[in-house]
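Working notes, beginning with the structure itself.
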Amino acid sequence: MSLLTLENVTLKFGGLTAVNNLSMQVEEGQVFALVGPNGAGKSTVFNLISRFYTPVSGKISFAGTDLLGLAPDEVPSLGIARTFQNIELFDQATVLENLLVGRHRHRGTNLVQQMFHTPAVRAEERAHREAVEEVIDFLDLQPYRNSRIAGLPYGVRKVVEVGRALASKPRLLLLDEPASGLSVEETQNMRWWIDDIRRQMGITVLMVEHDMGLVSKVCDKVLALADGAMLAQGTPAEVQSHPAVIEAYLGTGDAA
Amino acid sequence: MRIHFKTSYDDDIRLFEDGWKLSLYAALLALMVALPWLIDDFYLGEATNVLIWATCGLGLMLLTGQTGQASLGHSAFMALGCYSTVLLMEAGVPFIVAFPLAGIITGIVGGLIAIPALKLHGVYLAIATLALAILTDDLIVMLEPWTGGVGGKFAPPITVFGLEVNRWSNPAAWYYMALIVVLVVTLFYRNLLRAPMGRAFAAVRDSEISAQAMGVNLARTKTIAFGMSAGITGLGGALMGLFAEVFNNETFTFILSIQLLMMIVVGGLGFIHGAFLGAIVISFLPQALSIITDGIGSNVAIPGLEIGVFGVIMILFILFEPMGLYGRWLKIRTFFQLFPFARKDMFRRQKSYLKTERLR
Ligand SMILES: Nc1ncnc2c1ncn2[C@@H]1O[C@H](COP(=O)(O)OP(=O)(O)OP(=O)(O)O)[C@@H](O)[C@H]1O
Ligand SMILES: [Mg+2]
């Protein structure tokens, strides 16, 4: 059984069909890429999985659970974490605090215990910090641990956002354009991290990415979208050479 | 500059980051405890007043500074805290039980009010809560049999473990009572900030969308923040009414809500210190003003002068120092700690309040 399944999913914004009868399967352990020109509906697919949007028709399920029966804040408890195309961090908080919010789904104490800072709370906080510290080591975020997000460079924020998602120890990680706006060197790091996220941590990755160089290096499977509908899917090479895909990119004048 | 070498996770979790901070706050506490011996009864009364305002301010700070929700309705919770304490005492409940119970009642009512109110954002939330404050004024008048209406109510004598707490015969006892309350509230506040709930508050404040994506339930988190905030402010309101000894609907008008909001903005939104600094400003402003007006030889009281001047101060802060007095202090301190490496944009402020729909 696939880890994530979309079946004939359609979403409309007024008259605009942002996602059109889309079906896809992401297998456990895969790195899966969604590609397509601007406005193809890639981020909208992520927002459907996060339950920010409800499709007009179709089914979305994760490891056998019907996602459409859940509220957005219940999705992470299944083990789905994500980043946003336009970086959505907690700007007034530090890097450490941001990563600790990633641990939210693993909390085990109640409000009263927390008010009194009982030993259970202390023990839990230690465990959270240990988990977060692993992520900090993994992503080389040590120099920024106690910096507020608001003063950090773009590239670092991008990494912090990946870190926050990893801190929740997900089964499925959704990355919306992880390399956009990054320098060549930063993109290279991102590539190794995505490889390690899959190999060492055993996390399945679904990502949206415009950089076909990166996609062909890290992804097993690619699905190309245009105007909300699937154009082609397969290995990166197959999709890149697919006539419909070439047509779509040339047609919009968008060089991939 | 002090450099922290953190060697265990507890270094981050502890209340005070190092021995230096701990001794600083211990010294401050010792000073607070010794205060009745250092100043006369008049100024001790003023100090008590500062602590009461600080308690109210901490309540609103939790909601506005920590969770990013505006409220102009907190005078309603001050009234509720005050009337319920006094009514419970009149029903024979000893003060030591009536007071925390009133806080809990106010917190629950606050949480219930939050459920519909928090569907609103920003300015709309401010207007809705302002309506609540105005309504409370009328409600106090209408519920005359219980509240005494316009005629008001006299605070019953307070006894704690057989000791009478009276501001005239025993001002030190009153001061210590207010000190204990504000210390307990501050401790709870700090404990929340270093726990998942406090981080959920900050998450909701800075980005609702990613708070949800991390599993934070918005409605629940906001309701808890509103309830806790109302409860704490209710405790402050109870102290304020009891300290004034007589109170009626005019004691808790919506002006009080506005003053409270101004106070935390001037003190520094999002900082515990901000509530205390704001309380000092709001308590001593009337005196500073009367000294100034006496100085220029005017002995006519100018109506609304106080709140007007306070309003101007707040506008100046919003324009030039949005992080408030405490933020200013942080900048000065960082400048000297890092000298000469401090960068101007280190405290750059990003618009973080009132962000809502930003999916694309
Ligand atoms: N909340 C919304 N309301 C109305 N229209 C929307 C909304 N979100 C997205 N759209 C529209 O849906 C279409 C798909 O948008 P989406 O953000 O998914 O594109 P994308 O593939 O992620 O593009 P990009 O590469 O630019 O990020 C676009 O035409 C967009 O304008
Ligand atoms: Mg997008």
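The values are calculated or read from the model by the stated rules, or taken from the named source; none is laboratory data. Nothing here was measured: the structure is a model prediction, and the numbers come from that model. Neighbour counts run over all protein chains shown; Cβ positions are idealised from the backbone, glycine included. Surface areas here come from the heavy atoms of the whole protein model, side chains and all, with no ligands, DNA or RNA. Shrake-Rupley method; radii C 1.70, N 1.55, O 1.52, S 1.80 Å.
Once the Kirkwood radius over Cα pairs is known for region A:92-134, the Stokes-Einstein relation at 37 °C and 0.692 mPa s delivers a diffusion coefficient of 303 µm²/s. Considering only A:Ala120, A:Ala93, A:Ala71, the mean-square fluctuation computed in a Gaussian network model of chain A, springs between alpha carbons under 10 angstrom, is largest for A:Ala120. Summed over the residues of region B:38-256 and divided among them, the accessible surface reaches 37 Å² per residue at a probe radius of 1.4 Å. Across region A:84-194, the fraction of Cα-Cα pairs farther apart than 16 Å, rounded to a whole number, is 60%. Only protein atoms count toward the accessible area here, which uses a 1.4 Å probe; on region B:149-267, the carbon and sulfur part of that area reaches 67 percent.
Entry note: region B:233-300 has Rg to Rh equal to 1.05, where both radii use alpha-carbon atoms and Rh is the Kirkwood radius.
In region B:7-30, burial by the other protein chains removes 20 Å² or more of accessible area from B:Tyr9, B:Asp10, B:Asp12, B:Ile13, compared with the chain on its own (1.4 Å probe, ligands and nucleic acids ignored).
For region A:1-115, the Kirkwood estimate of the hydrodynamic radius, built from every pair of different alpha carbons, is 16.1 Å. Other protein chain C-beta atoms within 10 Å of residue C-beta, averaged over A:122-131: 3. Kirkwood hydrodynamic radius of region B:161-294, from the reciprocal of the average inverse Cα-Cα distance over all distinct pairs: 17.4 Å. Counting, for every residue in B:204-211, the Cβ atoms of other protein chains within 10 Å of its Cβ and taking the mean gives 6. Taking the Cα centre of chain B as reference, the dipole from Cβ charges on Lys and Arg (+1) and Asp and Glu (-1) amounts to some 1760 debye. Taking amide H atoms as placed 1.01 Å from N in the peptide plane, the amide H of A:Leu34 lies under 5 Å from those of A:Met207, A:Val208, A:Glu209, A:Leu223, each 5 or more residues away in sequence or on another chain.
Per residue, how much accessible area does chain A show when a 1.4 Å probe rolls over the protein heavy atoms, in square angstrom? That works out to 39 Å² for each residue.
Rounded, prolate or oblate: which one fits region B:77-204, using the alpha carbon gyration tensor with axes a ≥ b ≥ c (rounded when a/c is under 1.5, else prolate when a/b beats b/c, else oblate)? The shape class here is oblate. Mean Kyte-Doolittle hydropathy of -0.5 or higher plus an axial Cα length of 27 Å or more: which whole DSSP H helices in chain B meet both? Within chain B the helices that satisfy the rule are B:19-38, B:41-61, B:95-117, B:122-142, B:171-193, B:218-244, B:272-295.
Along the charge dipole of the protein assembly as shown, which of B:Gly268, A:Thr83, B:Gly311 sits closest to the positive end, that is, farthest toward it, with unit charges on the beta carbon of Lys, Arg, Asp and Glu (+1, +1, -1, -1)? The residue sitting farthest along the positive end of the dipole is A:Thr83.
Translational diffusion coefficient of region B:38-256 at 37 °C, 0.692 mPa s, Stokes-Einstein with Kirkwood Rh over Cα pairs, in µm²/s as a whole number.
Approximately 185 µm²/s, per Stokes-Einstein.
Taking the Cα centre of chain A as the origin, how large is its charge dipole in debye, to the nearest 20, when only Lys and Arg (+1) and Asp and Glu (-1) carry charge on their Cβ atoms?
That gives a dipole near 600 debye.
Here is the interface size for A with B: some 4000 Å² of accessible area buried, both sides summed, with a 1.4 Å probe. Ligands, DNA and RNA left out, the accessible area of chain A computed with a 1.4 Å probe is 50% carbon and sulfur. The magnitude of the dipole of the protein assembly as shown, with charges of +1 and -1 set on the Cβ of Lys/Arg and Asp/Glu and taken from the Cα centre, is near 500 debye.
Averaging the sequence gap over all C-alpha pairs within less than 8 Å and six or more residues apart, then dividing by the number of residues, gives chain B a relative contact order of 29 percent. Neighbouring Cβ atoms from other chains, within 10 Å of the Cβ of residues in A:80-93, number 6 on average.
Cα convex hull, the protein assembly as shown: 190 Å³ per residue, rounded to a whole number. Over chain A, the Kirkwood radius and the radius of gyration, each from Cα atoms, give a ratio Rg/Rh of 0.99. Hydrophobic, long helices, defined as DSSP H runs whose alpha-carbon span along the helix axis is 15 Å or greater and whose mean Kyte-Doolittle value is at least 0.0, occur in chain A at A:154-167. When chain B is treated as a Gaussian network with alpha carbon springs shorter than 10 Å, the biggest mean-square fluctuation among B:Ala76, B:Ala200, B:Ala26 belongs to B:Ala26. Springs between Cα atoms under 10 Å define the GNM used for chain A, and in it the highest mean-square fluctuation of A:Ala179, A:Ala167, A:Ala150 occurs at A:Ala150. Buried on complex formation within region B:148-197 (loss of at least 10 square angstrom of accessible surface versus the isolated chain, 1.4 Å probe, ligands and nucleic acids ignored): B:Phe188, B:Asn191, B:Leu192, B:Arg194, B:Ala195, B:Pro196, B:Met197.
If you sort A:Glu238, B:Glu250 by accessible surface, 1.4 Å probe, largest first, the order is B:Glu250, A:Glu238.
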